[in-house]
Structures are given as C-alpha cells and as structure tokens.
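K.L.:
Pasting in a structure now, in structure tokens, and then I'll have a few things to ask.
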Amino acid sequence: MARTVWDSSVGKKTVMAVSGLIMLLYLVVHMIGNLKIFFGPGEFNHYAHWLRIVGEPFMHYEWTLWLIRVALVVAVVAHATSAYQLSRRDIRARPSKYAHKKPRASYATRTMRWGGIILGLFIVWHILDLTTGTVHSGGFQEGHPYQNVVDTFSTWYGNVIYIVAMLALGLHVRHGFWAAAQTLGAGSRTRDRALKTTANVLALLLTAGFIAVPVGVMTGVVS
C-alpha cells in the first residue's frame with residue numbers, strides 16, 4: 001500500500017507537501033531562536049545550551065536535539081527525492097518542447113529547482129561552519145555559538161553565502177507553501193487569497209528574520 005502511494009505522482013506531491021511543512025515549522029522556530037542573538041552573548045549561548053538539555057532528565061543530554069536532527073534529515077531527503085522524481089517524471093511526459101510557449105510563471109516558480117539546490121548546498125556549508133567548525137573562519141569555539149556566529153558574519157563571503165541562501169529560501173517558501181496547501185486540499189476560491197497572503201508574509205518574515213543576524217553583525221549592532 002505504502003509503495004503504491006509513493007509510486008503515484010499524488011503520493012510524491014503529498015510527501016513533498018508534508019515534509020516541506022515540517023521543515024517550515026522548524027525554520028520558524030529556528031529563526032526565532034536566532035534573533036536571541038540581539039539580546040547579547042549570555043542570552044544566545046544559554047539558548048544554545050538549552051537546546052541540548054531539552055527533555056532532561058527523562059531524555060539524556062542532546063537526545064532530543066538528535067531526534068530533531070534525524071527528523072529533519074528524513075524530511076529533507078524525502079522532500080528532495082520526491083522533487084527530483086517528480087521532475088524526471090514531468091520531463092519524460094513531455095520529451096519534446098511545446099509548440100507554443102506557455103505563459104511565464106512567477107520568478108519563484110521558475111527558480112524552485114535551482115533554489116532547492118542552493119539551499120541543499122547551503123545546509124551542508126552551514127553545518128560545517130557553525131556545527132562542526134570544519135570550514136569556520138578563525139578559531140571555532142566549542143560551546144560559544146555567539147562568538148562563532150559573529151566570526152562567520154565578520155567575513156564578506158560568510159555574509160554573501162548566507163544572504164543569497166536566505167533570499168532563495170524566501171522564494172522557495174513563497175511558492176512551496178502555496179503548492180503544499182493545494183496538494184493537501186486546503187485551497188479553494190474563498191481561501192486562495194488568504195493562502196497567498198500567508199505564503200507571502202511567511203516568506204518575507206523568514207527572509208528578513210534570518211538576514212537580520214548578518215546585517216546586525218555587519219552594522220555593529222551584534223559584536
């Protein structure tokens with residue numbers, strides 16, 4: 001049964017929608033946590049430490065955090081796999097070019113695939129930079145996330161990579177939220193305007209919220 005659902009285009013779109021909404025929920029929480037950096041190193045470092053002790057004493061140190069990480073990895077893999085397979089299926093369904101050009105889609109729609117690739121590469125860089133410290137500029141300080149963030153956004157390339165990725169994220173969320181709502185049957189004539197507005201507001205808030213951190217470092221508000 002599960003295999004049959006997965007093999008269908010509707011099943012793959014549903015997987016994309018559900019996994020996308022899971023990641024969107026994480027992004028909202030992650031953005032709110034990131035903004036704590038404006039309250040100083042003590043507040044931000046305490047928040048980072050709290051993430052590792054959530055659920056104690058029932059959960060061991062970092063167990064909850066690792067459960068969240070595993071769930072996110074599953075969501076990312078499911079999202080990317082279903083997107084790729086749907087893309088290939090769409091190409092096979094129309095091996096020759098259309099005789100007449102279709103109406104131009106929105107910029108977000110036309111860049112969904114490239115946006116997904118950019119975000120995938122960014123996730124790898126972001127983990128290697130601020131989680132493992134492998135590509136971190138300067139000396140990575142374990143247990144000092146505030147200083148590590150400041151170090152990253154004190155470099156021009158750290159800012160460029162992050163800001164470009166967050167702009168791609170905004171476009172991805174703007175179109176993805178709308179597409180997920182349609183796939184899951186939430187769309188209708190009476191709700192379409194509200195859904196589009198929600199998609200635009202979410203995309204704007206997430207983009208602005210995430211970009212606020214590097215801008216804060218660049219302007220000296222965070223130092």
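K.L.:
Out of Gly185, Gly209, report the one residue that is on the phi > 0 side of the Ramachandran plot and surrounded by fewer than 18 Cβ atoms within 10 Å (Cβ to Cβ).
P.N.:
Matching residue, one of Gly185, Gly209: Gly185.
K.L.:
While we're here: Just to be sure, is Gly11 buried (at least 17 other Cβ atoms within 10 Å of the Cβ) and under 25 Å from Ala179 (Cα atoms)?
P.N.:
no
A quick yes/no check of all residues on (1) in contact with a strand residue (DSSP E or B) (Cβ under 9 Å, 6 or more places away or on another chain); (2) closer than 26 Å to Thr207 by Cα; (3) part of a helix (DSSP H, G or I):
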| site | (1), (2), (3) |
| --- | --- |
| Met23 | no, yes, yes |
| Leu27 | no, yes, yes |
| Asn34 | no, yes, yes |
| Ile37 | no, yes, yes |
| Trp50 | no, yes, yes |
| Phe58 | no, no, no |
| His79 | no, yes, yes |
| Asp90 | no, no, yes |
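K.L.:
Could I ask something else about it? Can you go through Val54, Val10, Val5 and tell me which one is at pLDDT below 85 and over 18 Å from the mean Cα position of the chain (by Cα)?
P.N.:
Result of the check over Val54, Val10, Val5: Val5.
K.L.:
So is Leu195 under 22 Å from Val15 (Cα atoms), hydrophobic (A, V, I, L, M, F, W, C) and surrounded by fewer than 19 Cβ atoms within 10 Å (Cβ to Cβ) or not?
P.N.:
For Leu195, the condition - under 22 Å from Val15 (Cα atoms), hydrophobic (A, V, I, L, M, F, W, C) and surrounded by fewer than 19 Cβ atoms within 10 Å (Cβ to Cβ) - is met.
K.L.:
Starting from the stretch 63-86, take each residue that is farther than 18 Å from Val124 by Cβ and in contact (Cβ under 8 Å) with a residue 24 or more places away in the chain and list its partners that are part of a helix (DSSP H, G or I) and among the aliphatic types (A, V, I, L, M), counting only C-beta distances under 6 angstrom and pairs at least six apart or across chains.
P.N.:
Ser82/Val15; Ser82/Met16
K.L.:
Can you say whether Gly158 is of a type in the set (Gly, Ala, Ser), loosely packed, with under 13 Cβ neighbours inside 10 Å and either over 26 Å from Val70 (Cβ atoms) or modelled with pLDDT of 95 or more (or both), as far as the supplied structure shows?
P.N.:
In short, no.
K.L.:
Additional query: Can you pull out the residues in the stretch 38-60 that are surrounded by 12 or more Cβ atoms within 10 Å (Cβ to Cβ) and more than 29 Å from Val215 (Cα to Cα)?
P.N.:
Answer for the stretch 38-60, where residues must be surrounded by 12 or more Cβ atoms within 10 Å (Cβ to Cβ) and more than 29 Å from Val215 (Cα to Cα): Ile53, Val54, Gly55, Glu56, Met59.
K.L.:
For the stretch 67-116, give me each residue that is at pLDDT 90 or above and either surrounded by 13 or more Cβ atoms within 10 Å (Cβ to Cβ) or in contact with a Lys or Arg (Cβ under 9 Å, 6 or more places away or on another chain) (or both).
P.N.:
Leu67, Ile68, Arg69, Ala71, Leu72, Ala75, Val76, Ala78, His79, Ala80, Thr81, Ser82
The values are calculated or read from the model by the stated rules, or taken from the named source; none is laboratory data. These figures come from a predicted structure and were not determined experimentally. Note that we place each Cβ from the backbone using ideal geometry, even for glycine, and neighbour counts take in every protein chain shown.
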